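Okay, so here's the structure we're looking at.
The values are calculated or read from the model by the stated rules, or taken from the named source; none is laboratory data. Quantities reported herein were computed from a predicted structural model and do not represent experimental measurements. All Cβ positions, glycine included, derive from the backbone under ideal geometry; neighbour counts span all protein chains shown. For the accessible areas, the whole protein counts, side chains as well, though only heavy atoms, and no ligand, DNA or RNA atoms are used. Shrake-Rupley method; radii C 1.70, N 1.55, O 1.52, S 1.80 Å.
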Amino acid sequence: MSKYQEIEINKVKSISIKNRVSKVNVSDFAITYHHGMSFKQFWNSLPKILVGAQFHEFVTHVVKAHRQNKPFIWMMGAHPIKCGLNPIIIDLMEKGVITALATNGAGAIHDVELAYWGQTSEDVTANLQNGSFGMVKETAEIINETISLARKKNLGYGEALGQRISQDLPPYCHLSLLAKGYQLNLPVTVHVGLGTDIMHQHPNADGAAIGELSLRDFRILAQIVTQLGGKISTDLPNSTDSNHGGIVANVGSCVILPEVFLKALTVARNLGYEVTHFYTANFDMLPHYRPRVNVVQRPTMAGGKGYNFTGHHEIMIPLLAAAIIETLEELATNHK
């Protein structure tokens, strides 16, 4: 016999599984794929569990925001461009789903190179050895000269480049986010960190012009952020879409855009705008600190919800776009 006393286990109280709240139910399980399934069937076949449920939920918020004419701010680094996603993003712009786009200096560089020459991205490791990395003259001539001249016109960085590409009509203009934004009257803002872009290596880089135009873009973005807010109706119990809030998606920017967005949100709230009850999502291949706290968590603490989706852009973004388009079309069909 042990000299230590045991708990009286025979006195524990059990409950019925019928009365327990369970987080997993077979009704939420995946449905197996079969040949000939439509995308709608595939989308509905995904398990409504964990991130699968959150992904469906986020798409629902995007669709509700779109139907209530709320902003969808698409923030992105350069990597989605290099993943070949411009056609997907442009399609969402043309459909009015994305209503504003913000990128960094690298995003503008890759977009310009694609528009004019249909190619971009170099072997940094190899070219760094001989000092040729980032030294392409044509890219620097177009971007730096455009930004210097635009300073006198009081244009933003993204607007100036979008205007230039639209006027020049290079061979791949139709694939340019900057040009498409300009043509659609959809703000494309560029947020530059001086010294971070290959454009700053060239003697024709005008720091004053770069800073002034990028600062103007920050203020343009801050104005758009003022329109994000929604409000839950107190007259409708459990309502989630009465005056639905807007959407902010951060795609592949782990520092600059999350920081820019947080400051733009601060300015909007400081000026008295009630920017709450909106929805954010971060899409990236790896979890990072700033997107998690500056996009997903902190901005939605006063209302709304943030989501975090980890995966490769070249898979996740086409899936997201297809789900949004399919859901919008289904709703439009049902309301006819």
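Observations, loosely collected:
- In the set Lys70, Lys18, Lys40, Lys48, only one residue is out of contact with any helix residue (DSSP H, G or I) (no Cβ under 8 Å at 6 or more places or on another chain), under 22 Å from Ala321 (Cβ atoms) and among the basic types (Lys, Arg); that residue is Lys70.
- Exactly one residue among Gly77, Gly118 is within 24 Å of Thr146 (Cα to Cα), surrounded by fewer than 14 Cβ atoms within 10 Å (Cβ to Cβ) and in contact (Cβ under 8 Å) with a residue 12 or more places away in the chain, and that residue is Gly118.
- Residue under evaluation Gly134, criteria (1) open to solvent by 20 Å² or more (accessible area, probe 1.4 Å); (2) not in a helix (DSSP H, G or I), criterion not met: (1)
The rows are residues; the columns are (1) modelled with pLDDT of 95 or more; (2) part of a helix (DSSP H, G or I); (3) touching a His at 6+ places or on another chain (Cβ under 7 Å).
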| position | (1), (2), (3) |
| --- | --- |
| Ala106 | yes, yes, no |
| Tyr116 | yes, yes, no |
| Asn144 | yes, yes, yes |
| Lys152 | no, yes, no |
| Gln163 | yes, yes, no |
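- Residue match in the stretch 38-50 (condition: under 19 Å from the mean Cα position of the chain (by Cα) and free of Cβ contacts under 8 Å to residues at least 60 places away in the same chain): no
- Among residues of the stretch 262-284 that are in contact (Cβ under 8 Å) with a residue 60 or more places away in the chain, those with a beta-carbon under 6 Å from a residue that is part of a helix (DSSP H, G or I) at least six positions away or on a different chain give the pairs Tyr279/His61; Ala281/Phe58.
- Residue tally, condition among the charged types (D, E, K, R) and open to solvent by less than 30 Å² (accessible area, probe 1.4 Å), over the stretch 168-199: 1
- Residue match in the stretch 304-320 (condition: part of a helix (DSSP H, G or I) and either open to solvent by 60 Å² or more (accessible area, probe 1.4 Å) or over 26 Å from Ala53 (Cβ atoms) (or both)): yes
- Within the stretch 288-302, the set of residues being of a type in the set (S, T, N, Q) and open to solvent by less than 70 Å² (accessible area, probe 1.4 Å) comprises Asn294, Thr300.
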